[in-house]
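Down below is the structure, laid out as structure tokens.
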Amino acid sequence: MSHSTTRRNVLRGAAATAALAATAAAARTETAYAAPHSGGTGPNIGILLYDGYSLLDPTGPAEVLSRLPDATVTMIAEKRGAVRTDTADVAVVAERSIAEVDRLDVLLVPGAGNRGTIGAMNNQALLRWIRDMHRYTRWTTSVCTGSIVLAAAGLLDGREATTYWASADYLQSTFDVTYLQQRYVRSGKIITAAGVSAGLDMALYLASLIADDDTAKAIQLAVEYDPQPPFDSGNAAEASPQLKEQALQLLAASQV
């Protein structure tokens with residue numbers, strides 16, 4: 001075999017290898033982006049992202065729930081791609097669009113600042129999708145003002161729920177909802193969590209319902225969730241009016 005023939009064969013082999021590698025990579029991408037399906041070995045958990053959400057609302061529960069045995073956690077938005085938080089400084093990638101997901105075992109709706117919450121609660125496409133998902137979920141959950149989005153979708157009528165402390169009056173006066181000042185509230189298959197960090201508490205409680213208490217305890221230890229904040233100022237019921245006002249000013253100043 002001549003040197004030129006050998007070289008051609010090597011090049012053809014390299015091209016074939018590259019083509020196979022590209023095909024395999026494409027297959028891996030399709031698998032990675034496969035929409036959640038019912039009937040798997042573990043729960044299919046979908047977390048809705050929308051413009052202006054608060055960062056810890058989806059990512060805190062995702063950290064906990066992704067540790068459940070055989071669980072699938074998928075970030076979902078109106079369109080695939082990066083979705084920015086209320087500060088616009090950080091974005092999380094939505095792997096699926098709402099059009100690609102028709103069933104979930106667990107739905108989580110995060111909260112947001114005023115702009116994000118108002119935008120979500122007036123987005124009829126999102127509200128329809130939330131209602132459609134809720135028909136089949138084992139658990140429908142929210143964090144912070146995500147409960148207002150659930151209420152706007154009509155899912156909290158006549159129920160007890162919690163939300164971010166500064167939004168409690170709005171939730172209760174605008175919708176047929178009884179506000180409870182608790183870290184999380186269960187009403188049937190709906191679990192709502194209070195502001196931002198309460199999503200971690202709710203997620204651990206949800207983990208105990210999906211698996212068992214020992215699994216939830218092990219997850220709590222795995223992520224070393226043992227909060228010991230330097231200040232005792234996280235309870236709105238015990239905060240001064242001045243501190244509440246400053247907190248709201250800081251939130252408003254950080255959001256776009």
Reachable lysines from LYS217, criterion Cα separation under 22 angstrom, eight or more residues apart if same chain: LYS189
Heavy-atom accessible area ranking, 1.4 Å probe, most first, across ASP70, ASP132: ASP70, ASP132
Convex hull of Cα atoms in the stretch 147-201, direction-averaged projection (nm²): 3.3 nm²
PHE175 - accessible surface, heavy atoms, 1.4 Å probe, Å² rounded to 10: 40 Å²
Charge tally in the Cβ shell below 15 Å around LEU68, where Lys, Arg are +1 and Asp, Glu are -1, LEU68 excluded: -3
Sorted largest first, extent of the stretch 160-256 alpha carbons per principal axis (Å): 41, 37, 28
Estimated dipole of the stretch 127-256 in Debye, rounded to 20 [Cβ of Lys and Arg +1, of Asp and Glu -1, Cα centre]: 540 debye
Under the Karplus curve 6.51 cos²θ - 1.76 cosθ + 1.60, θ = phi - 60°, whole-Hz ³J(HN,Hα) for the stretch 72-85, x wherever Gly or Pro sits: 10, 10, 10, 7, 10, 8, 4, 9, 4, x, 6, 10, 8, 7
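The values are calculated or read from the model by the stated rules, or taken from the named source; none is laboratory data. Because the structure is predicted, anything quoted here is derived from the model rather than measured. With ideal geometry, Cβ positions are generated from the backbone for all residues, glycine too; neighbour counts draw on all protein chains shown. We work out accessible area using only protein heavy atoms, side chains counted, and drop any ligands, DNA or RNA first. Shrake-Rupley method; radii C 1.70, N 1.55, O 1.52, S 1.80 Å.
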